[in-house]
Amino acid sequence: MGNAVRYLGQGIAYALFAVVVGYFATSPPYRYLGPDEGLLRLSFKHPGKVKADCRRRTPEELARLQPQFRTEMDCPRERSPVRVRVELDERLLYDDVFPPAGLSRDGASSGYRRLPIGAGTHTLRVQVNDDVRVAGFNFERAARVDVKPGQVVLIDFNPEQGGVIIR
């Protein structure tokens, strides 16, 4: 009789726990966006161009180096940061610089931003610069987007696919 009461008590405790977890999993409802909002999602991972060109070492420089480090060309590893500028209906919405990853700053720059916008038809312009030696922006894309409430518009960057991608 004692084991039956104990198992019944455990069953009731587990059922109550499941009800509490189930309630808080669905209530109160969470809204990611307002009822008349859409979302621009900027997401990319891209290594910027190398900051400086390779240069040929002089014979004096080579003589000062240890034998295992005597390479004729000196090529820096540091990459350019990636700058992204987003305009919506000819108004600046977002402008930021994403530094390269790594201790030597030789990795890819990663960017992720969520930008809520109003639903409706908009003119979207995205500019990207991945080379500090270029003034201004070396990639640009403009598009008209019809954003429905709750819709997500993705902004990506891939130079092999033409640069800025808006989907």
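None of the figures in this text is laboratory data; all of them are computed from the coordinates on show. Computed from a predicted model, the values in this text were never measured in an experiment. As a convention, Cβ positions derive from the backbone with ideal geometry for all residues, glycine included, and neighbour counts pool all protein chains shown.
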Gaussian network model of the chain, Cα within-10 Å springs - most flexible of I117, I12, I155: I12
Cβ-derived FRET efficiency at R0 25 Å, T26 paired with I165, nearest 0.05: 0.10
D106 paired with L92, simple spin-label distance in nm, labels 7 Å along Cα-to-beta-carbon: 3.5
Residue of R64, R79, R105 that the Gaussian network model of the chain assigns the largest fluctuation, springs spanning Cα pairs under 10 Å: R64
Most mobile of V84, V134, V19 in a GNM of the chain (Cα contacts under 10 Å): V19
Rounded if a/c under 1.5, otherwise prolate or oblate - the chain, Cα gyration tensor axes: oblate
